[in-house]
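For reference, the structure discussed in these notes is given below.
The values are calculated or read from the model by the stated rules, or taken from the named source; none is laboratory data. Please read these numbers as outputs of a predicted model, since none were measured by experiment. Every residue, glycine among them, receives a Cβ derived from its backbone with ideal geometry; neighbour counts consider all protein chains shown. With ligands, DNA and RNA removed, areas are computed over all heavy atoms of the protein, side chains included. Shrake-Rupley method; radii C 1.70, N 1.55, O 1.52, S 1.80 Å.
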Amino acid sequence: MIYTVTFNPAIDYVVRLDAPLEVGEVNRAQGEDCVLGGKGINVSGVLAQLGCESVALGFVAGETGAWLERGLAAQGLKTDFVHLENGMTRINVKIKAGQETELNGAGPAIPESALQQLEAQLDKLAEGDILILAGSIPASLPQSVYERLLARLQGRGVRADLLVNVLPYHPFLIKPNNHELGEIVGKVLTTDAEIVAAARTLQEKGARNVLVSMAGDGALLLDEQGQVHRIGCPKGKVVNSVGAGDSMVAGFVAGYLQSRSYAQALRLGTACGSATAFSLGLATKEKIDELLAQL
């Protein structure tokens, strides 16, 4: 089974204006949407489009948390959230008015007792299960919490896929973009050769596979056999960057599980990431299949 963890899920309240945002004035929306998300939840959503079952773990609180939970169930996603006694699941306001302005909520404080409940859930994972840890760490948790969770799973045959840099525990997959990878190694990366060299440093520190997304320039994978796979990007208009990286991870994991081929995993991951980038919401199966045909 695939499990995703989102420490700080969110309801994104997306407001569209037909004129630039005027600070200090009354602005009237042309339309609005509510999108249920958080990085791990995004991964679960795209996995469902690909026919891969997963369970979304994490923390919810208050009426907004109950609404998010009901909404994900209505989408057919399985969840097993820890319910916090205090606070409320955050609402992020995304104002689309030519430029996009964001106001992200802080989310509820997560006490030690709740973190221990999550650990008890992870203790049930067995060999062959996949754990995807995604997203930033809330201020109420120690910044070493990812290491703490992975140390608990070490030696049990659980594959960890992360969108964060926790290398000593030999994660199956690390997925930085080229700018994040450059920050990790302390230099601006401008060529494929430089990106490969930087990816190798992450591999030397423990990552098994390093997947580097490069926006319109496609993606590069350094697999655990040391092979470099390079792919371009399908054609389309970028309308939404939120969730594109999460979608790429979902596609890579699903592609590898289905084919055991890193080349195929990269292809499906690229199609999924692009399908989200070219859509107002997360990738759909129809859009993914359309873009796969271009790659």
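Of the residues making up the range 8-42, those that are touching a residue at least 60 places away in the same chain (Cβ under 8 Å) and part of a helix (DSSP H, G or I) are LYS39, GLY40, ASN42. Would you tally the residues in the range 85-102 being assigned to a loop (DSSP other than H, G, I, E, B) and either among the hydrophobic types (A, V, I, L, M, F, W, C) or open to solvent by 70 Å² or more (accessible area, probe 1.4 Å) (or both)? Within the range 85-102, residues that are assigned to a loop (DSSP other than H, G, I, E, B) and either among the hydrophobic types (A, V, I, L, M, F, W, C) or open to solvent by 70 Å² or more (accessible area, probe 1.4 Å) (or both) number 4.
This table checks each residue for (1) touching a residue at least 40 places away in the same chain (Cβ under 8 Å); (2) in contact with a Phe, Trp or Tyr (Cβ under 8 Å, 6 or more places away or on another chain).
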| site | (1), (2) |
| --- | --- |
| ARG200 | no, no |
| LYS205 | no, no |
| ARG208 | no, yes |
| GLN264 | no, yes |
| THR276 | yes, no |
| ILE288 | yes, no |
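Inclusion of GLY65 among residues that are surrounded by 13 or more Cβ atoms within 10 Å (Cβ to Cβ) and in a strand (DSSP E or B) is not warranted. Given the criteria surrounded by fewer than 22 Cβ atoms within 10 Å (Cβ to Cβ) and on the phi > 0 side of the Ramachandran plot, does GLY38 qualify? Taking the combined requirement at face value, the residue does not satisfy it.
Where residues in the range 1-31 are open to solvent by 70 Å² or more (accessible area, probe 1.4 Å) and under 26 Å from SER274 (Cβ atoms), which of them is nearest to the chain's Cα centre (by Cα)? Step by step, filter the range 1-31, then rank; the result is TYR13. Tell me, which residue of the range 134-150 that is closer than 17 Å to GLY87 by Cβ and among the aliphatic types (A, V, I, L, M) is most open to solvent (accessible area, probe 1.4 Å)? Looking at residues that are closer than 17 Å to GLY87 by Cβ and among the aliphatic types (A, V, I, L, M), I get ALA139. Candidates are the residues of the range 209-268 that are in a helix (DSSP H, G or I), of a type in the set (D, E, K, R) and within 21 Å of SER54 (Cβ to Cβ); the one that is least open to solvent (accessible area, probe 1.4 Å) is ASP246. Against the test of being touching a Cys at 6+ places or on another chain (Cβ under 8 Å) and open to solvent by less than 20 Å² (accessible area, probe 1.4 Å), the options VAL82, VAL46, VAL60 yield a single qualifying residue, VAL46.
The test for being buried (at least 23 other Cβ atoms within 10 Å of the Cβ) and either closer than 20 Å to ARG148 by Cα or touching a His at 6+ places or on another chain (Cβ under 6 Å) (or both) does not hold for LYS124. Taking (1) closer than 30 Å to GLU102 by Cα; (2) in contact with a Phe, Trp or Tyr (Cβ under 7 Å, 6 or more places away or on another chain) in turn, ASP223 satisfies each apart from (1).
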